[in-house]
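So the structure is just underneath, and the comments pick up after that.
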Amino acid sequence: MTNSINLHERRKIRLRAKLRRINAERPRLTVQRTNTHIYAQIIDGEQAIILASASTIEKEMKNNLKNGGNIEAAKKIGALIAERALKAGVNTVVFDRSGYIYHGRVKALADAARESGLSF
């Protein structure tokens, strides 16, 4: 018997395997979301280091946001991760949605990152 957690994990594993095969030379923008917060990291898979990160639990973001688990917060995190990535010298990434369906907060974060200059 499968449940949504198992299906989510299967989607995540399948997606990451495809990302490794397609583009190993570009870092990946990975997204993690909970009911109350959203997190984004740019990870260099070859060296296994985090190049940039942003989340709604950071002190300056927490003070500016009323709620960290909505689309407005995701847009701000998308713009912030793009700004930090460009500062770190990363222009193109591979988008890793971590098994989440591409809509709502995940889509808002991706669109805001694209609008802020990050290409994927």
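Report D for the chain in µm² per second (integer): Stokes-Einstein, Kirkwood Rh on Cα pairs, 20 °C, 1.002 mPa s. Estimated diffusion coefficient is 148 µm²/s.
Spherically averaged projected area of the convex hull of Cα atoms, segment 57-101: 4.0 nm². In a fully extended conformation the segment linking residue 120 and residue 44 would gain 25.9 nm over its present Cα-Cα distance, using 0.36 nm per residue.
Under 9 Å from the Cβ of residue 78, count the other residues' Cβ atoms, weight Lys and Arg +1, Asp and Glu -1, and hand me the total. Taking every Cβ under 9 Å from that of residue 78, the sum is +1. With the simple spin-label model, which puts each label point 7 Å out from Cα in the Cβ direction, the residue 60 to residue 91 separation comes to 2.5 nm.
Computed from the coordinates by the stated procedures, all read-outs in this text should not be read as laboratory data. Since this is a predicted model, take the numbers as computed values, not measurements. Counting neighbours? That spans all protein chains shown, and the Cβs are built from the backbone with ideal geometry, glycine included.
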